[in-house]
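First up is the structure itself, then whatever we jot down about it.
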Amino acid sequence: MFSALFLYIFLSLSSIPINLNGENISIPVYSNLTKQSKITLLEDYSYELEINQVTTIYDSKGLSHASQHFIIDQFTSLDNFEVKVVNPNNGKTIKKYKTKDLEKRALIDNGSIYQDLEVMYFTPEASSYPIKVEMTARIKKSGNFYFPSWNPQNFHHQKVEQASLEVNYPKALGIRYKTQLFEGDFNESSDTETQTLLWTTHNHPPSTTDAKDTELTKIKLAPVKFGIDGFEASMDTWENFGLWFYQLNKERTSLPEEFKQGVKLMVKDAGSDIEKIQILYKYLQNNYRYVSIQLGIGGWRPMESAEVLSKKYGDCKGLTLFMKAMLSEVGISADYTLVNAGKDTSFDEGFPSNQFNHAILRINSGKNRYWLECTSNHLPAGFLGAFTKNRKVLVITPEGGKIDHTPSYSDPVFNTTKIITSIMLMEDGNAKIEGSLLQQGFPAETVIMKTFDKKEKEINTIFNEQIGVNGLLINELSLDKIINWKEIATEINFSGVVLRYFRNTNKRVFIPMSWFNWKINMEAPTGNYVEEISIKKHRALDVESIPKNITINKEKFDINLEIAIDEENILIKKHIKVKDTISLSSEEQKALLIAINETLKGELILTKQ
């Protein structure tokens, strides 16, 4: 049974009012946290991270708030781990855990990945609440290439009573920091050789799962001088950071003389640099496979190009450096480039640090610059795809790191979908359909990626996902791929039956103006969406009511609808041109989609003769 004092504390924490954008909302609290984190950097570039924290859990939804996981590799060891689970009502210990009680698994369980990354993790159990989980841990890192970011909160829906971060480091090595939305106390002290930084915050309110990373309190740390596995350098500027990578890669592009001559023979008939790039890129795609390698310093240092050649595989670093080596043999300069790939395009240019998870290649041909994604087996040469488009990158040159920006592919040609259908109405309300779905750029990339080496049944599934229409029965379907320099497109030709396509009464026929909803790609800045429908009437029908032609011109999009009817056919043409989605908020994007689909909905009402 709760004590009166604890019951009061529990009820007061169960929900906390927070003011967001001038609106008071109540955020449920599933746990309460106090923690102290301490980082101690030593002169040999190693450092220790000590964590002491107490998590009080009030609800099963907060049980995961006391879970822990540690990623162990060649440079990381877990020197100590202790957990005590306590009943806060009576102070009795329920259970204790030590390092030997942690469960283990590989970080990535995939046969195509070579890695020494292991996850050691702990998940508490509870049959009743509240429980208090007291945890201490000490992690040792043999290099300071990377420091973890510090957040006062470990999880959303967690109130922080008190949290602190202490950082001790030799002045000769240095540590840089950057705070985000930190409103607590900061103290700095030093002696002749050591510097100490201390951040402390109290009564930190909970956050919701909808909170963006930029809306959360965070402290980022990065070294000035760093060392790992015997390689030492500075990270105070992007130039110096890039020089370290240049030294890692230096003299790793050597290739056997016989292969060098073979590379030159491959391109002997090419009339331009673009043709040479295409030939060698296609050779790379057809003969080498991507394998992720995360063994020791291999997480940052590429395989030697000769090893990629002999083993016929490599990770993003190895394949990129190998492609660079081949291009060099035919007189084309290229630069190894680091990028933060994926949906997160954030890049803090003012804080040189390890912000990268992928490598690509920048090609220099006269005044032109081209880009290659060397891990892809389906992209065209000169086209990066959605994974690394439109973001800042660090180009590794002999002079050091230089910031550049990948193409945005903002031209609508990189985001075009066009569907042309011929529909024949049947007496029972169904309709026979033949058509083609043409997609260019990113929509085509999605189709090719999902259908690469797939059987016809799986292509059928992908097509239905693209169209998203209930009652469509496919009889025949074929996929054509168009892959040229910077151009990627697909054309799916199909035929079948649409069940219950229109409504049929004794006197009238009701035909929908659209037979599917457009899926507008809000991650692309612009786009073209075209639909042309030719409907053949199954009998003599008179027009009773049809929607008017529509022309809507807005700042962010245009919509055009044209309907024409003759004695045998109904022609419907729709064109949606999206001119700018990037500046729209998520709510504005939803409103845009609703407006587009609502505008293009409606029925044609025809009277039977």
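The values are calculated or read from the model by the stated rules, or taken from the named source; none is laboratory data. Quick caveat: nothing in here was measured; it's all calculated off a predicted structure. Backbone-built Cβ (ideal geometry, glycine too); neighbour counts: all protein chains shown. All accessible areas refer to the heavy atoms of the entire protein, side chains included, with ligands and DNA or RNA removed. Shrake-Rupley method; radii C 1.70, N 1.55, O 1.52, S 1.80 Å.
Among F414, F351, F356, which is aromatic (F, W, Y), modelled with pLDDT under 95 and within 30 Å of K225 (Cβ to Cβ)? Spell out how you get there, then give the answer.
On the way: F414 fails: within 30 Å of K225 (Cβ to Cβ); F351 fails: modelled with pLDDT under 95.
Result: F356 is the single residue among F414, F351, F356 that is aromatic (F, W, Y), modelled with pLDDT under 95 and within 30 Å of K225 (Cβ to Cβ).
Please tell me if E434 is modelled with pLDDT under 80, over 26 Å from K389 (Cα atoms) and open to solvent by 40 Å² or more (accessible area, probe 1.4 Å).
Details: modelled with pLDDT under 80: no; over 26 Å from K389 (Cα atoms): yes; open to solvent by 40 Å² or more (accessible area, probe 1.4 Å): yes.
Criteria not met by E434.
For the range 39-72, name all the residues that are open to solvent by 60 Å² or more (accessible area, probe 1.4 Å), over 21 Å from I219 (Cα atoms) and outside any helix (DSSP H, G or I).
Across the range 39-72, the qualifying residues are E43, D44.
Does Q278 qualify as being of a type in the set (S, T, N, Q), touching a Phe, Trp or Tyr at 6+ places or on another chain (Cβ under 7 Å) and at pLDDT 95 or above?
Here the answer is yes, as Q278 does meet what is asked.
Mind listing whichever residues of the range 254-280 are of a type outside the set (D, E), part of a loop (DSSP other than H, G, I, E, B) and surrounded by fewer than 16 Cβ atoms within 10 Å (Cβ to Cβ)?
Filtering the range 254-280 for residues of a type outside the set (D, E) gives 254-256, 259-268, 270-272, 274, 276-280.
From what is left, the residues that are part of a loop (DSSP other than H, G, I, E, B) are 254-256, 267-268, 270-272.
Hits for the range 254-280 are S254, P256, K268, A270, G271, S272.
Kindly list the number of the only condition in (1) modelled with pLDDT of 95 or more; (2) farther than 20 Å from E239 by Cβ; (3) open to solvent by 60 Å² or more (accessible area, probe 1.4 Å) that fails for E427.
Failing condition for E427: (1).
Which one is most open to solvent (accessible area, probe 1.4 Å) among residues in the range 128-143 that are closer than 28 Å to H204 by Cα and of a type in the set (G, A, S)?
The initial filter retains those residues of the range 128-143 that are closer than 28 Å to H204 by Cα, namely 128-139.
Now restrict to residues that are of a type in the set (G, A, S): 128, 137.
On the way: S128: 71, A137: 5 Å².
Looking at residues that are closer than 28 Å to H204 by Cα and of a type in the set (G, A, S), I get S128.
Conditions (1) at pLDDT below 95; (2) open to solvent by 60 Å² or more (accessible area, probe 1.4 Å); (3) assigned to a strand (DSSP E or B), marked per residue:
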{"position": "Q153", "(1), (2), (3)": "yes, no, no"}
{"position": "S164", "(1), (2), (3)": "no, no, yes"}
{"position": "R176", "(1), (2), (3)": "no, no, yes"}
{"position": "E183", "(1), (2), (3)": "yes, yes, no"}
{"position": "W199", "(1), (2), (3)": "no, no, yes"}
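Please find, within the range 475-495, the residue that is nearest to S545 (Cα to Cα) out of those that are of a type outside the set (A, V, I, L, M) and crowded, with 18+ Cβ neighbours inside 10 Å.
It comes out as F494.
Where the second residue is small (G, A, S) and part of a strand (DSSP E or B) and the first is free of Cβ contacts under 8 Å to residues at least 24 places away in the same chain and lies in the range 218-235, which pairs have Cβ atoms under 9 Å and are six or more apart or on separate chains?
A233/G227
Does L473 meet the test of being without any contact (Cβ under 8 Å) to a residue 40 or more places away in the chain, within 30 Å of K324 (Cβ to Cβ) and out of contact with any helix residue (DSSP H, G or I) (no Cβ under 9 Å at 6 or more places or on another chain)?
Details: without any contact (Cβ under 8 Å) to a residue 40 or more places away in the chain: yes; within 30 Å of K324 (Cβ to Cβ): no; out of contact with any helix residue (DSSP H, G or I) (no Cβ under 9 Å at 6 or more places or on another chain): yes.
Against the criterion (without any contact (Cβ under 8 Å) to a residue 40 or more places away in the chain, within 30 Å of K324 (Cβ to Cβ) and out of contact with any helix residue (DSSP H, G or I) (no Cβ under 9 Å at 6 or more places or on another chain)), L473 does not qualify.
May I ask you to verify whether T192 is at pLDDT below 95 and open to solvent by 80 Å² or more (accessible area, probe 1.4 Å)?
On the way: at pLDDT below 95: yes; open to solvent by 80 Å² or more (accessible area, probe 1.4 Å): yes.
The answer is yes for T192.
So which of Y370, Y409 is under 27 Å from N484 (Cβ atoms), at pLDDT below 95 and open to solvent by 20 Å² or more (accessible area, probe 1.4 Å)?
Numbers: Y370 fails: at pLDDT below 95.
Sole residue among the options that is under 27 Å from N484 (Cβ atoms), at pLDDT below 95 and open to solvent by 20 Å² or more (accessible area, probe 1.4 Å): Y409.
Determine if the range 285-301 includes at least one residue that is at pLDDT 95 or above, open to solvent by 10 Å² or more (accessible area, probe 1.4 Å) and either on the phi > 0 side of the Ramachandran plot or of a type in the set (V, I, T) (or both). Step through it out loud before you land on a result.
Here is the first cut: in the range 285-301, the residues at pLDDT 95 or above are 285-288.
Checking which are open to solvent by 10 Å² or more (accessible area, probe 1.4 Å) leaves us with 285-288.
With the extra rule that they be either on the phi > 0 side of the Ramachandran plot or of a type in the set (V, I, T) (or both), the set shrinks to none.
There is no residue in the range 285-301 that is at pLDDT 95 or above, open to solvent by 10 Å² or more (accessible area, probe 1.4 Å) and either on the phi > 0 side of the Ramachandran plot or of a type in the set (V, I, T) (or both).
Could you say which residue among I396, I420, I403, I332 is aliphatic (A, V, I, L, M) and buried (at least 21 other Cβ atoms within 10 Å of the Cβ)? It would help to see each step written out before you state the result.
Numbers: I420 fails: buried (at least 21 other Cβ atoms within 10 Å of the Cβ); I403 fails: buried (at least 21 other Cβ atoms within 10 Å of the Cβ); I332 fails: buried (at least 21 other Cβ atoms within 10 Å of the Cβ).
It is I396.
If the requirement is being over 24 Å from the mean Cα position of the chain (by Cα), part of a helix (DSSP H, G or I) and of a type outside the set (F, W, Y), which of these qualifies: E458, E445? I'd like the intermediate steps shown before the answer.
Values: E445 fails: over 24 Å from the mean Cα position of the chain (by Cα).
Exactly one of E458, E445 is over 24 Å from the mean Cα position of the chain (by Cα), part of a helix (DSSP H, G or I) and of a type outside the set (F, W, Y), namely E458.
Return the pairs, sorted by first residue and then second, in which the second residue is open to solvent by 50 Å² or more (accessible area, probe 1.4 Å) and not aromatic (F, W, Y), the first residue lies in the range 237-260 and is closer than 13 Å to G318 by Cα, the beta carbons are less than 6 Å apart, and the residues are 6+ apart or on different chains.
Close Cβ pairs satisfying both conditions: L248/R301; R252/E304.
Can you name the residue in the range 201-237 that is under 30 Å from A172 (Cβ atoms), acidic (D, E) and not in a strand (DSSP E or B) and, of all such residues, is farthest from the chain's Cα centre (by Cα)?
Here the answer is D229.
Return the only residue of A172, A137, A126 being modelled with pLDDT of 95 or more and not in a strand (DSSP E or B).
It is A172.
Among A334, A325, A341, which is the only one that is modelled with pLDDT under 95 and either in contact with a His (Cβ under 8 Å, 6 or more places away or on another chain) or of a type in the set (G, A, S) (or both)? Before you say what the answer is, go through the steps one by one.
On the way: A334 fails: modelled with pLDDT under 95; A325 fails: modelled with pLDDT under 95.
After ruling out the rest, the residue left standing is A341.
Where in the range 555-609 are there strands (runs of 3 or more DSSP E), lying wholly inside it, with at least 1 residues that are surrounded by 13 or more Cβ atoms within 10 Å (Cβ to Cβ) and among the aromatic types (F, W, Y)? So that I can check it myself, show each step before the final result.
Details: elements: 557-565, 569-578, 603-608.
Per the criteria, 557-565.
Among the candidates N80, N90, single out the residue that is at pLDDT 90 or above, part of a loop (DSSP other than H, G, I, E, B) and not aromatic (F, W, Y).
On the way: N80 fails: part of a loop (DSSP other than H, G, I, E, B).
Sole residue among the options that is at pLDDT 90 or above, part of a loop (DSSP other than H, G, I, E, B) and not aromatic (F, W, Y): N90.
For Y146, state whether it is open to solvent by 60 Å² or more (accessible area, probe 1.4 Å), out of contact with any Asp or Glu (no Cβ under 8 Å at 6 or more places or on another chain), of a type in the set (S, T, Y) and farther than 26 Å from P206 by Cβ. Break it down into steps so the answer makes sense when it comes.
Details: open to solvent by 60 Å² or more (accessible area, probe 1.4 Å): yes; out of contact with any Asp or Glu (no Cβ under 8 Å at 6 or more places or on another chain): yes; of a type in the set (S, T, Y): yes; farther than 26 Å from P206 by Cβ: yes.
Here the answer is yes, as Y146 does meet what is asked.
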